[in-house]
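Before any comments, here is the structure.
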Amino acid sequence: MSEISIESFNKKYGIEKKIWFSEIGEITVVNIKTSHCEASIAMQGAQLINWTPVGQKPVIWLSQDARLVNGKSIRGGIPVCWPWFGAHDSQTHFPAHGYARTVQWELFEVNENEKGTVELGFKLVPNQSVAGMWPFSCPLELRIRLDSFLEVTLITQNNDSQPVKISEALHTYFAVGDIRKTRVSGLDGCFYLDKVKEFARFQQAGDILFTSETDRVYLDTENTCVIHDEAWQRKIHIEKQGSQSTVVWNPWQNKSNAMGDMGAEGYLSMLCVESANAATNVVVIEPGTEHRLMVRYHVT
Ligand code: TA6
């Protein structure tokens, strides 16, 4: 539960039947319903956990067994991996994918434009419990634009006196009808590190098909990707800016069943295509400047 009560959230930002706040488990969630879409965003991690354009099936996947518990990562949605992606490069006891997704954020802006696009602004609340992991002055902001498209921008500001190095990802879980009838185009010819094969380096040939655990960091690519969701007769388009890496992940059956929060056979209905700066694609942010990672999703 965030410090501010639901009542005060609703008083400050609630728009009758358009924006309201609720509690799921221990987590405060802001809900939005417009003429274009429905969405929900957890205040912990500013983690979008639902985006469903009008007339579409949900585009973002949330595990049926997701645990909405304070301080624990939520399985699904768009986890913000920051200020590092994956395991910390020297402190093995630091949380995987950084700490931004498991701490409280503050909603500081809600706007609706003349076309009915709703934009929300969240900022990471400085938190003494993580200061030891990240001793830099780097305010973090997430901006979400909701329409028949979904746009998410992660903004890192370096207010420090020295350059700061980060790795990051918008670790998006997409909902698909059947992973076995799904493929991803857009990465043909790109080189990737294969986590399933001790991070050995390979080159992608053609579209990515899914027949077993898949966990790859595609490097040096700003390409737009498309998820061909054949079972649900749709394509999910993934455009990005400020991201040099694309991570593609499906845990497949054994790992999915072992994770405890993927739901029964959860792997069959999801696919992560993450817009990132990971591995050798780390980002150095000079003092007084900012770095933006932006993604834009739409369905045809
Ligand atoms: O992005 C892929 C990955 O790094 C996988 O290796 C797997 O660990 C996944 O993220 C989920 O990580 P999480 O910490 O959310 O369980």
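The values are calculated or read from the model by the stated rules, or taken from the named source; none is laboratory data. These numbers come from a predicted model, not from an experiment. We place every Cβ from the backbone using ideal geometry, glycine too, and count neighbours over all the protein chains shown.
Just one residue in the set Ser129, Ser167 is more than 18 Å from Ile60 (Cβ to Cβ) and within 15 Å of the ligand (Cβ to nearest atom); that residue is Ser167. Within the range 21-40, the residues that satisfy the criterion of being surrounded by fewer than 15 Cβ atoms within 10 Å (Cβ to Cβ) and farther than 16 Å from Arg75 by Cα are Ser22, Glu23, Ser35. On the given criteria, is Ala100 more than 13 Å from the ligand (Cβ to nearest atom), within 14 Å of the chain's Cα centre (by Cα) and surrounded by 13 or more Cβ atoms within 10 Å (Cβ to Cβ)? The answer is no for Ala100. Scanning the range 260-272 for residues that are within 15 Å of Ala175 (Cα to Cα) and near the ligand (Cβ under 10 Å from one of its atoms) turns up Met262, Cys272.
Here is a yes/no grid of residues against (1) among the hydrophobic types (A, V, I, L, M, F, W, C); (2) assigned to a strand (DSSP E or B); (3) surrounded by 23 or more Cβ atoms within 10 Å (Cβ to Cβ):
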position	(1), (2), (3)
Ser212	no, no, no
Asp215	no, yes, no
Thr221	no, no, no
Val226	yes, yes, no
Lys235	no, yes, no
Thr246	no, yes, yes
Trp249	yes, yes, no
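Only one residue in Leu170, Leu154 is in contact (Cβ under 8 Å) with a residue 60 or more places away in the chain and in contact with a Phe, Trp or Tyr (Cβ under 9 Å, 6 or more places away or on another chain), so which one is that? Only one candidate qualifies: Leu154. Taking each residue of the range 229-256 that is at positive phi and looking for partners that are part of a helix (DSSP H, G or I) with beta-carbon atoms closer than 7 Å, six or more apart or interchain, yields Trp252/Tyr267.
Residues in the range 163-183 that are assigned to a strand (DSSP E or B), under 14 Å from the mean Cα position of the chain (by Cα) and not aliphatic (A, V, I, L, M): Glu168, Tyr173, Phe174. Of note, Gly263 satisfies the criterion of being part of a loop (DSSP other than H, G, I, E, B) and modelled with pLDDT under 95. Just a yes or no: is a residue in the range 250-259 more than 15 Å from the ligand (Cβ to nearest atom) and within 30 Å of Val54 (Cβ to Cβ)? Scanning the range 250-259, I find no residue that is more than 15 Å from the ligand (Cβ to nearest atom) and within 30 Å of Val54 (Cβ to Cβ), so the answer is no. Restricting attention to the range 49-80, the residues being small (Gly, Ala, Ser), under 11 Å from the mean Cα position of the chain (by Cα) and assigned to a loop (DSSP other than H, G, I, E, B) number 1.
Going through (1) within 16 Å of the ligand (Cβ to nearest atom); (2) at pLDDT below 95 one by one, Trp84 falls short only on (2).
Those residues that are within 22 Å of Leu107 (Cβ to Cβ), of a type in the set (A, V, I, L, M, F, W, C) and part of a loop (DSSP other than H, G, I, E, B), I need them from the range 135-158; list them, please. Within the range 135-158, Cys138 is the sole residue that qualifies.
Scanning the range 125-134 for residues that are under 18 Å from His88 (Cβ atoms) and outside any helix (DSSP H, G or I) returns Asn127, Gly132, Met133, Trp134. Scanning the range 106-115 for residues that are under 17 Å from Trp20 (Cβ atoms) and outside any strand (DSSP E or B) yields a total of 0.
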